[in-house]
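**Q** Have a look at this one.
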Amino acid sequence: MIFVAADHNGFRLREKVLLYLLRRGEEVYDLGAHELDPNDDFNVYAVGVVKEVKSHKNAVGILMCGGGQGMCMTANRFSGIRAALVWDSEEAEITRNDNDANIICLPARVLEDNDAEWKTIIDKFLDTPFAKAARYVRRNNALDRIGEGRVKK
């Protein structure tokens, strides 16, 4: 399951991403924005995707806004979410392999006119498995403890 959302700045890219995911044969859920509203707030869409990713085993999310950072900062407020701001395919692969990222945040201002790049990013994100190396598992568990307010040195 892939949950997708964008604010007004990511609206155009979201439409293209949804079509691409459907062509890939993915199970896709569109969480908006469903109309272009320059006054909408990115955090509403980020929280919607986070809730769905947390509620469905093995689900992932793709969030888009102007720079990607607002979506990423919002999503990472939640325990169990490892959102990554991704601007190229190498980062998409590394964040899946090392960090087990379950949400990627795409900067629409950078990517919306570069179809080849965002498609490669999505492919790497969806096709790269988590390496499950002990150090990566340990670090991800530490992130969850921090998110739950249980900081351990």
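**Q** Looking at segment 81-118 only, could you name the residues that are β-branched (V, I, T) and either touching a Cys at 6+ places or on another chain (Cβ under 8 Å) or not in a helix (DSSP H, G or I) (or both)?
**A** I81, V86, I103, I104, listed by residue number.
**Q** Take the residues in segment 107-143 that are among the aromatic types (F, W, Y) and under 19 Å from G80 (Cβ atoms), then tell me which one is farthest from the chain's Cα centre (by Cα).
**A** Step one: filter segment 107-143 for residues among the aromatic types (F, W, Y), giving 118, 125, 130, 136.
Applying the additional criterion that residues be under 19 Å from G80 (Cβ atoms) yields 125, 130, 136.
Numbers: F125: 9, F130: 15, Y136: 19 Å.
Here the answer is Y136.
**Q** Right, here's the next one. If you go through segment 130-152 one residue at a time, do you hit one that is in a helix (DSSP H, G or I) and in contact with a strand residue (DSSP E or B) (Cβ under 9 Å, 6 or more places away or on another chain)? It would help to see each step written out before you state the result.
**A** Within segment 130-152, the subset in a helix (DSSP H, G or I) is 134-147.
Still in the running and in contact with a strand residue (DSSP E or B) (Cβ under 9 Å, 6 or more places away or on another chain): none.
Checked segment 130-152: no residue is in a helix (DSSP H, G or I) and in contact with a strand residue (DSSP E or B) (Cβ under 9 Å, 6 or more places away or on another chain).
**Q** Within segment 69-80, which residues are among the polar types (S, T, N, Q), part of a helix (DSSP H, G or I) and touching a helix residue (DSSP H, G or I) at 6+ places or on another chain (Cβ under 7 Å)?
**A** T74, the sole residue that qualifies.
**Q** Still on this structure: Hey, could you check segment 94-153 for residues that are β-branched (V, I, T) and closer than 17 Å to V60 by Cβ and say which is surrounded by the most Cβ atoms within 10 Å (Cβ to Cβ)?
**A** Looking at the filtered set, the residue picked out is I104.
**Q** Of all residues being touching a residue at least 40 places away in the same chain (Cβ under 8 Å) and open to solvent by 60 Å² or more (accessible area, probe 1.4 Å) in segment 77-93, which is farthest from V50 (Cα to Cα)? Just the residue, please.
**A** So in segment 77-93, the residues touching a residue at least 40 places away in the same chain (Cβ under 8 Å) come out as 77-82.
Among the residues that remain, those that are also open to solvent by 60 Å² or more (accessible area, probe 1.4 Å) are: 77-78.
Numbers: R77: 10, F78: 8 Å.
That would be R77.
**Q** While we're here: I'd like the full set of residues that are of a type in the set (A, V, I, L, M, F, W, C) and either more than 18 Å from I104 (Cβ to Cβ) or within 12 Å of the chain's Cα centre (by Cα) (or both), limited to segment 36-57.
**A** Residues satisfying the conditions are L36, V44, A46, V47, V49, V50, V53.
The values are calculated or read from the model by the stated rules, or taken from the named source; none is laboratory data. Computed from a predicted model, the values in this text were never measured in an experiment. Counting neighbours? That spans all protein chains shown, and the Cβs are built from the backbone with ideal geometry, glycine included. All accessible areas refer to the heavy atoms of the entire protein, side chains included, with ligands and DNA or RNA removed. Shrake-Rupley method; radii C 1.70, N 1.55, O 1.52, S 1.80 Å.
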